[in-house]
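Visitor: The structure under discussion is supplied below as structure tokens; questions concerning it will follow.
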Amino acid sequence: MDHPYPSSPFSRFARWTARTAGHPTVFLVAVLIILGWAFTGPLFGFGDTWQLVINTGTTIITFLMVFLIQNTQNRDSAVVQLKLDELIRTAEGAHNALLDLEELTEHDYDLLRARYQTLARGAREDLKRGLVDTGTSDTQSA
């Protein structure tokens, strides 16, 4: 199976960074850095250079983290999509036409969504009448 980043060094680095950056210890280190910076303010007279240090550091880190986080989110999203596709594929009565919804045009997506909203409204009405809303009573194919 082709993957856009099949175990590239960047992908491995992005996953490692995401796991590391999300660790409580890293948060504590960040807080300590900010406190250290704040406490050095009087030593540097709260000057422009003192402010520039934290502004530049946080800007660079934020800029780089955006790309690492996006890489990780893209990968996680693709993995979840594959898992959902597998559940649809193996579920009895499921519509295999739903396997690649992410490839639909906005118009096709809107039509399909409207169809499922109609099914949901009908199921809620059935529940109010004491009927069940499980199974595959949908007689039309997706």
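Visitor: How are the Cα pair distances of region 51-120 distributed, in percent, across 5 Å bins from 0?
Guide: Calculated P(r), rounded to whole percents: 3, 13, 13, 15, 15, 10, 8, 7, 6, 6, 4, 1, 0.
Visitor: Additional query: Give the residue from Gln73, Thr90, Trp37 lying farthest towards the positive end of the charge dipole for the chain; charges sit on Cβ (+1 for Lys and Arg, -1 for Asp and Glu) and the dipole is referred to the Cα centre.
Guide: Of the listed residues, the answer is Trp37.
Visitor: Quick one: order Arg121, Arg115 from most to least accessible surface, probe 1.4 Å.
Guide: Arg121, Arg115
Visitor: Taking a point 7 angstrom from the Cα of Ala123 along the C-beta vector, which residues in region 79-93 have backbone N less than 18 Å away?
Guide: Residues 84-85, 87-93 qualify, since their backbone N sits under 18 Å from the label point.
Visitor: Taking only protein heavy atoms into account and a 1.4 Å probe, give the accessible area per residue of the chain in Å². All intermediate terms of the calculation are to be shown ahead of the outcome.
Guide: Values: 11380 Å² over 142 residues.
Result: 80 Å² per residue.
Visitor: At 1.4 Å probe size, with the rest of the protein present, what percent of the exposed accessible area of the chain is carbon and sulfur atoms? Can you show the working numbers first?
Guide: Numbers: 7360 of 11380 Å².
That share works out to 65 percent.
Visitor: Further, regarding this structure: Calculate the dipole size of region 44-142 relative to its Cα centre from +1 charges on Lys and Arg beta carbons and -1 charges on Asp and Glu beta carbons; express the result in debye to the nearest 20.
Guide: 340
Visitor: In whole percent, what relative contact order does region 38-142 give with Cα contacts below 8 Å and a gap of six or more residues?
Guide: Details: 27 pairs, mean separation 16.4, N = 105.
Relative contact order for region 38-142 comes out at 16 percent.
Visitor: Still on this model: Just grab the label-to-label distance for Thr40 and Val26, each label 7 Å out from Cα along the Cβ direction, in nm (one decimal).
Guide: Reported label-point gap for Thr40 and Val26 is 2.2 nm.
Visitor: Right, next: Of the options Ala123, Ser11, Val53, report the single residue whose Cα projects farthest towards the positive end of the charge dipole of the chain (beta-carbon charges: Lys, Arg +1; Asp, Glu -1).
Guide: Toward the positive end, the furthest listed residue is Val53.
Visitor: Would you mind computing, in nm to one decimal, how far apart the modelled labels at Arg12 and Glu102 are, each placed 7 Å from Cα along Cα→Cβ?
Guide: If labels sit at Arg12 and Glu102, their model points lie 2.4 nm apart.
The values are calculated or read from the model by the stated rules, or taken from the named source; none is laboratory data. Everything numeric here is computed off the predicted structure, so don't read it as measured data. Glycine gets a Cβ as well: all are built from the backbone with ideal geometry, and neighbour counts include every protein chain shown. Keep in mind that these areas ignore ligands, DNA and RNA; they rest on the heavy atoms of the full protein, side chains included. Shrake-Rupley method; radii C 1.70, N 1.55, O 1.52, S 1.80 Å.
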